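S.K.: Let me begin by handing over the structure; questions about it come next.
Bear in mind these aren't lab numbers, they're just calculated from the coordinates by the rules spelled out. It should be emphasised that the depicted structure is a prediction, and the values quoted were computed from it without experimental measurement. Cβ coordinates were reconstructed from backbone atoms using ideal geometry, including for glycine residues, and neighbour counts include every protein chain displayed.
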Amino acid sequence: MMQNDIERVLFSREELAQKTNELGQQLSVEYKEKNPLVVGILKGATPFLSDLVKEMDIYLEMDFMDVSSYGGGITSSGEVKILKDLDTNVEGRDLLIVEDIIDSGRTLSYLVEMFRYRKAKSVKIVTLLDKPEGRVVEMKADYVGFLVPNEFVVGYGLDYDERYRNLPYIGILKPEIYQ
Ligand code: 5GP
Ligand code: MG
Ligand code: MG
């Protein structure tokens, strides 16, 4: 079974639900009158985004982008490529980017710059996880769920070679899985 591949649980289903609820409440206050465009970064952010927006009792719109900075493995390639762009014109819109994790910071710094160029009115970031030790470029999220150590984590959207996104919690894989 899939869950036998997990060495250690970092954040349980209950902790994730609690945090998502907290963030949703805060974001509802900030975006109450703004009809924000919530931008999910595929595929990793989808479980988090899905839970987050259900905690936001305000008008909002959702759209998705797919960008790649990682290949199938566990180290960053350093490149950012748009695989799927938004359907929505962001000019004049308040954007809330929803990410699963910030590591090097390359993906988000690229996206933030691109949205500014496209004349978004504001661009903020909510990330479930932040791995500050991985930073290569400067990048700070406006809202962070949890800080994580410099380890490769999976679950709740985060994959290893496209697997484990459907784990209901966040954990660390047993080393033999990627050896
Ligand atoms: P960054 O551009 O900040 O280096 O990369 C962010 C992306 O890299 C994340 O959206 C995620 O897809 C991937 N990533 C970074 N760290 C991890 C990790 O620990 N586990 C997994 N599964 N993906 C990660
Ligand atoms: Mg991602
Ligand atoms: Mg990945």
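S.K.: Counting only DSSP beta bridges with both residues in the chain, what percent are antiparallel, rounded to the nearest 5?
M.R.: 35
S.K.: With a ≥ b ≥ c taken as the square roots of the eigenvalues of the C-alpha gyration tensor of region 1-71, please select rounded if a/c is under 1.5 and otherwise prolate if a/b is larger than b/c or oblate if it is not?
M.R.: Note, shape of region 1-71 comes out oblate.
S.K.: Please compute the modelled spin-label separation between Val9 and Phe146, points set 7 Å along Cα→Cβ, answer in nm with one decimal.
M.R.: Taking the simple label geometry, Phe146 and Val9 are separated by 1.0 nm.
S.K.: Need the C-alpha centroid separation for region 160-179 versus region 118-144, integer Å.
M.R.: Here the two parts' Cα centres lie 24 Å apart.
S.K.: Considering Cα pairs under 8 angstrom that are at least six residues apart, work out the relative contact order of the chain and quote it in whole percent.
M.R.: 25
S.K.: Using Cα positions and a limit of under 14 Å, work out the aspartates and glutamates in reach of Lys43, with same-chain residues fewer than 8 apart set aside.
M.R.: Counting by Cα, and skipping residues close in sequence, Lys43 has these aspartates and glutamates nearby: Asp63, Asp66, Asp85, Glu99, Asp100, Asp159, Asp161, Glu162.
S.K.: Go ahead and set up a Gaussian network model of the chain, Cα springs under 10 Å, then flag whichever of Leu86, Leu52, Leu158 fluctuates most.
M.R.: The residue with the greatest mean-square fluctuation here is Leu86.
S.K.: Which loop-located GluC sites (Glu not before Pro) does region 1-97 contain, where loop means any DSSP state but H, G, I, E or B and the Cβ has at most 11 other Cβ atoms within 10 Å?
M.R.: Listed in order of number, the matching sites are Glu33, Glu91.
S.K.: Can you tell me the equivalent ellipsoid semi-axes for the chain? Use √(5λ) from the Cα gyration tensor, largest first, whole Å.
M.R.: 27, 19, 13
S.K.: State the answer as a single residue: which of Gln3, Gly44, Met65 lies farthest towards the positive end of the charge dipole of the chain, with beta carbon charges of +1 for Lys and Arg and -1 for Asp and Glu, about the Cα centre.
M.R.: Met65
S.K.: Same structure, new question: Within 10 Å of each candidate Cβ there may be at most 11 other Cβ atoms; applying that plus a DSSP loop requirement, which trypsin sites (Lys or Arg not before Pro) in region 1-59 survive?
M.R.: Filter output for region 1-59: Lys54.
S.K.: Just flag the GluC sites (Glu not before Pro) in region 93-179 sitting in loop per DSSP whose Cβ has no more than 14 other Cβ atoms within 10 Å.
M.R.: Listed in order of number, the matching sites are Glu138, Glu151, Glu162.
S.K.: Turning to a different aspect of this structure: When the dipole is taken about the Cα centre of the chain, and only Lys, Arg (+1) and Asp, Glu (-1) are charged at their Cβ, what size is it in debye, to the nearest 20?
M.R.: In debye, rounded to 20, the chain gives about 320.
S.K.: Right, here's the next one. What are the ³J(HN,Hα) values, in whole Hz, obtained from phi via the Karplus relation 6.51 cos²θ - 1.76 cosθ + 1.60 with θ = phi - 60°, for each residue of region 128-133 in sequence order, with x given for Gly and Pro?
M.R.: Those phi angles translate into 5, 10, 9, 10, x, 5 Hz.
S.K.: Now for a different question. Under a 10 Å cutoff between Cα atoms, tell me which one of Asp100, Asp63, Asp159 has the largest fluctuation in the Gaussian network model of the chain.
M.R.: Asp63
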